[in-house]
Amino acid sequence: MSIHDFIDSQVKSNDVVVFMKGTPQFPMCGFSGQVAHIFNLLGVDYKGINVLDSDEIRQGIKEYTNWPTIPQVFVKGEFVGGCDIVREMYQSGELQTLLEEKGVVVMGRATA
Amino acid sequence: MAMEATEIERLIRDGLPDATVEIRDLAGDGNHYAATVVSESFRGKSRVQQHQMVYAALKGQMGGILHALALQTNVPD
């Protein structure tokens, strides 16, 4: 399976996917940590894919989305953005709305 | 490896001639900046597209020698 197909299958078979440095339990970079924190606050389950485990994935994801940095967040197969955009959307409530519209379970309705 | 704020600003302006650009150095190490970019060319585009336009202007430096650029994009009021 090519890297592109692997990424494609991951983002399409999981509601929320975060390509990150480190793992949900141990984010290894401030930006990945911020995204992990936001999803923890919202009580949203997500699949964390550690790009530090594979340079192929680390490079492949940047080509897949034409986005140069990590983390990268997908909701229902759609690229939502990196740390800045996800944080901005969280603060404005747009992220919560997007998740609900896409039918992703949001446990804790955390206020910004 | 580092980049000067003026270099970042110049690249963004070259790529987005009408943009107003404000760069803040977050860490003083030439690697962690915040930038606010306002441009008419962002109108009607999603945030992802707007940010991709800025990254394109940075000609591949983003994620390379420029490790962290907290980006905020807007259209003029």
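Bear in mind that the values in this text are calculations on the coordinates, not laboratory data. In this text the structure is predicted, and so the values were computed from the model without any measurement. FYI the Cβ positions are ideal-geometry reconstructions off the backbone, even for glycines, and counts take in every protein chain you see.
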*Return one number: the angle in degrees, 0 to 90 and rounded to the nearest 10, between the long axis of the Cα atoms of helix B:47-57 and the longest principal axis of the Cα atoms of chain B.*
60 degrees
*When the Karplus curve 6.51 cos²θ - 1.76 cosθ + 1.60 is applied with θ = phi - 60°, which whole-Hz ³J(HN,Hα) does each residue of segment B:23-28 get, with x for Gly and Pro?*
10, 10, 7, 7, 10, x
*In chain A, what % of DSSP beta bridges are antiparallel (nearest 5)?*
65 percent
*Using 0.36 nm per residue, how much length does the chain from A:Glu101 to A:Glu63 gain when fully extended, once their Cα-Cα distance is taken away?*
10.9 nm
_Tell me the mean residue ellipticity at 222 nm calculated for chain A from its helices only (DSSP H runs of n ≥ 4, each -39500 (n - 2.57), averaged over every residue, nearest 500)._
-14000 deg cm²/dmol
_Modelling each spin label as a point 7 Å along the Cα-to-Cβ direction, I'd like the A:Gln91/B:Asp14 distance in nm, to one decimal._
3.0 nm
*For A:Met1, A:Met107, B:Met53, what ranking results if the residue with the fewest other Cβ atoms within 10 Å of its Cβ goes first?*
A:Met1, A:Met107, B:Met53
_DSSP-defined beta bridges in segment B:5-74 - what % are antiparallel, rounded to 5_ = 45 percent
*May I ask which residue of B:Gly44, B:His67, B:Asn31 lies farthest towards the positive end of the charge dipole of segment B:5-74, with charges of +1 (Lys, Arg) and -1 (Asp, Glu) on Cβ and the Cα centre as origin?*
B:Gly44
*Among A:Phe6, A:Phe26, A:Leu98, pick out the residue whose Cα is farthest towards the positive end of the charge dipole of segment A:3-101, where Lys and Arg carry +1 and Asp and Glu carry -1 on C-beta, about the Cα centre.*
A:Phe26
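Relative to 2.2 N^0.38 Å, what does the C-alpha radius of gyration of segment B:5-74 come to as a ratio? Two decimals please.
That works out to 1.01 for segment B:5-74.
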*Expressed in nm², what is the orientationally averaged projection area of the convex hull enclosing the Cα positions of segment A:3-101?*
5.5 nm²
*Cα-centre dipole for chain A with unit charges at Cβ (Lys and Arg positive, Asp and Glu negative), debye to 20*: 220 debye
*asked:* What do you get for the angle between helix B:5-15 and the principal long axis of chain B? Use alpha-carbon atoms, 0 to 90 degrees, nearest ten.
replied: 30 degrees
*Work out the length of the dipole vector of the protein assembly as shown about its Cα centre, built from +1 on the beta-carbon of each Lys and Arg and -1 on the beta-carbon of each Asp and Glu, and round it to the nearest 20 debye.*
260 debye
*asked:* Rg over Rh of the protein assembly as shown, using C-alpha atoms and the Kirkwood radius, what does it come to?
replied: 0.96
*Taking the Cα centre of chain A as the origin and placing charges on Cβ (Lys, Arg +1; Asp, Glu -1), which of A:His37, A:Tyr64, A:Gly81 is farthest toward the positive end of the dipole?*
A:His37
